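Asker: One structure follows; several queries about it will come next.
Read-outs: derived from the displayed coordinates by stated rules, not from any lab. These figures come from a predicted structure and were not determined experimentally. Here the Cβ positions follow ideal geometry from the backbone for every residue, glycine too, while neighbour counts run over all protein chains shown.
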Amino acid sequence: MRRAVLLSFGALLALVPAPVAANVCRVANIDFLPAEQPTAPGMRFGVQVVAWIEDASGKYVDTVYVTQATGTYGIGNRPGRFDLNSAPLWPYGRRITVFPVWAHRHGMSWPEVVFQDANDDNVSHAFNQSSPEVHFCRPMLHSDNDLPFWDAATCASPAVFTDKGTMDPVKTSQYPPRNDIVRAASDSPSVAMMEMLNPFDAISSATPASGAPAQTTWSGPPLPAGNYTLFVEVSREFDTNATYNETVYPEPDNLPYGNYGLPYRGQPSVIYELPFTFGDVDTTANVLDYAGYGDPEGNDGTIRPPDATITANTPGSGAGRFAITTGNYRVRIQTHPEVDDIAPVAPADLAVTDAGTSTATLSFVSPGDDGATGKRVKGYEVRLRVGDTITDANFADSQLVTSNVALTDAGQPTSISLEGLLPETTYSVGVRAIDDCANPGPIAVVELVTAGRKNGEVGWCFIATAAYGSVMANDVDMLRRFRDMFLHRTALGELAVEGYYTFGPAVAQAVGESDLLRETARHFLAPVVGAVKGLKY
C-alpha cells in the first residue's frame, strides 16, 4: 500500500505550484448504486468500476477507485488474446475493453503479460508452466455440469492451476498486471515483479453488490482550489443487446478448447462525467445521465456520445448499470478540506489470539485518527514476512495482506483474520493505521507460528519428497498436482492413491536414509515426471 500511495501522491504533488501546509488535504466521498441485474440463469456478472480525477485542463490527477478484477487481479493485462471466451472468474484473456477511456488517460504503461509458451490462442497449458490458482476458476463449459458454478461464481474444482504468464520484453499494456501472486517454481521469474509494478493495491475494492449502495472515500495532498472533473467508467460482461452481441462479436474460430466459456463482448463501457470544485468549503456535485461510452474494441480513449446503440431503459444494462438513487442521481461526489497534522499511533496490544495450520487471528486496540484519540481511522495496512522480522526499513517491501479489518472507535478492540498461511511456519506481521489524509502511523509488530498438520493429513508425495529431498522441489510439485487433478477423479486412481498412502511412508523412510536408494528412486520416477510435464488440463 505504501508504494501505491507514494506513486499516486507523487503525481498529485506535481500539480501543487507552491509549498502548502502539509497538514491540509482534500477529501472526496463518491457514491453510486449498482442496479439489480437481469436474471437470466447462470449469467449474473457484477459491474466493474473505475473512477479518476482530472484537472481543469484535462490532465490526469489520480485514480480514486478501481474494482479488484482490474486493480488487483489484472484482468486487463494477463495471458491470452482479448477476445477469448469468458465465464465466472475466468482466468485468461487480456480484457482491454473493460476500461478503455481510463486506460488511455492515466498515462501509465506496463509490460504486456503473455503465456509462457507464447501461444495466446490456447486456454490449456502444461503442468510445468502452471501453478496453484488462489482466485480464478478453471475454464468452464456452459453446460448442465458447469452451469450451477456459473451462477454461483464458485470454482468447480478445488485443484485449479493456471499459467500466470510472463512479461513480454517489448510489448506494453495500459493495464496493470495482477499483484496477488506469490511466485511458485513453475512460474516465470517475471511474476515476482508484477506486485512491484502494480500501484493500485491501496485503492482496489471488491466488485460492488447489485442493488446495494457503494461508496468510496479518497484523500490526497493539498490540490490547488479550483475546478476538477470526476470520471466514472462502468462495464459488465455479457451485457448484450441488438447491436452488441455474440453474433456481432463472436468467439474466436478454431481454437483449442474453444467450446469452453461463451463470447462475453456485449455493450461497451459507459462513462459518467461530474465537474466539481475543490475549495475552502464543502461542495457537492451529482450526475444523472451518462456522458458517453468507450471503444468496443478497447483501442482508444475517446468518449463516444450517447446514441441508440446503448440500452437506456433496462435496469442493470447499458446506461442503466447504475440505478437512480432517491436523490435523483446516479453518481455523486462530496468534497471537503481537512486539517490533519497528527498521525495515528501504533495499534496497541497487538497479539495472536488464534493460529491454525493455514489461518490466524490477531487482536489489537484501535488507535484514533489523531494519535490515540479522535474519530475512527480510515483503514489499516497489514504486511507479513517469513524468515525475518518486519521493521520500518522493510515494511513497504513485505507482502501485503488483503484482509478486511473491522473499523472500531479509538480505544476499542478489533481483530484481523489472516488466511492462506503455510503450516509450521513463523511469520512476522506488521500493522499500521492510516488516517483521512493518508498519514500513516507507526507499525506494530507481532510474531506468529502456525500449527502443524493435523493427524492423518497428507500434504505431499512421500516417496517423491524423499527422493528429491524437498516438498518444494519442482518435480514433487508436479506429481502432487497430477494426484489432485487426475488420480482423485477416477476409481482406479483413488485405489492407487490409497495404496500409496498405506505403504508410502515406510518406503519413504528407507529411501530418505540412503543416497543410493534416493538416486534409484529418482531414476524410476524420471519417466513419470516426464509424462506428467507434458500433460495439459
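Asker: Please list 3J(HN,Hα) in residue order for region 390-399, calculated via the Karplus relation 6.51 cos²θ - 1.76 cosθ + 1.60 where θ = phi - 60°; whole Hz, with x for glycine and proline.
Answerer: 5, 9, 4, 6, 10, 4, 5, 8, 7, 5
Asker: Moving on to the next point. Please report Met140, Met196 as a ranked list, fewest other C-beta atoms within 10 angstrom at the top and most at the bottom.
Answerer: Met196, Met140
Asker: Just to check I understand the Karplus step: with θ = phi - 60° and J = 6.51 cos²θ - 1.76 cosθ + 1.60, what whole-Hz values come out for region 231-238, glycine and proline as x?
Answerer: Those phi angles translate into 10, 10, 10, 10, 9, 7, 5, 6 Hz.
Asker: Another question, if that's okay. Along the Cα→Cβ direction, 7 angstrom out, place labels at Ile324 and Val24. What is the inter-label distance in nm?
Answerer: The answer from the label model is 4.0 nm.
Asker: Sort 358-365, 335-342 by packing, meaning the average of other beta carbons within 10 Å per residue, with the highest value first.
Answerer: 358-365, 335-342
Asker: Using r as the Cβ-Cβ distance of Ala206 and Asp168, and R0 as 22 Å, what FRET efficiency do you calculate, to the nearest 0.05?
Answerer: According to the calculation, E is roughly 0.15.
Asker: Taking 56 Å as R0, compute the FRET efficiency from the Cβ-Cβ separation of Thr314 and Gln412 and round it to 0.05.
Answerer: With a Förster radius of 56 Å, E is 0.80.
Asker: Under a 5 Å amide H to amide H cut-off, with H placed in plane at 1.01 Å, what residues pair with Gly266 once short-range neighbours are removed?
Answerer: Residues meeting the amide H criterion: Phe238, Asp239.
Asker: Now, a different point. I'd like the Karplus ³J(HN,Hα) series for region 368-378: coefficients 6.51, -1.76, 1.60, θ = phi - 60°, whole numbers in Hz, and an x wherever there's a Gly or Pro.
Answerer: x, 5, 10, x, 8, 10, x, 6, 5, 6, 6
Asker: Can you list residues from other chains, or at least 5 along the same chain, whose modelled amide H is less than 5 Å from the amide H of Gly371?
Answerer: Those qualifying (amide H under 5 Å, at least 5 residues apart or on another chain) are Ala343, Val345.
Asker: If you place +1 on the Cβ of every Lys and Arg, -1 on the Cβ of every Asp and Glu, and leave all else neutral, what size is the dipole of region 2-337 about its Cα centre, to the nearest 20 Debye?
Answerer: 640
Asker: Residues with amide H under 5 Å of Val24's amide H, sequence separation 5 or more or different chain, H placed in the peptide plane at 1.01 Å from N; which?
Answerer: Hits under the 5 Å cutoff: Asp340.
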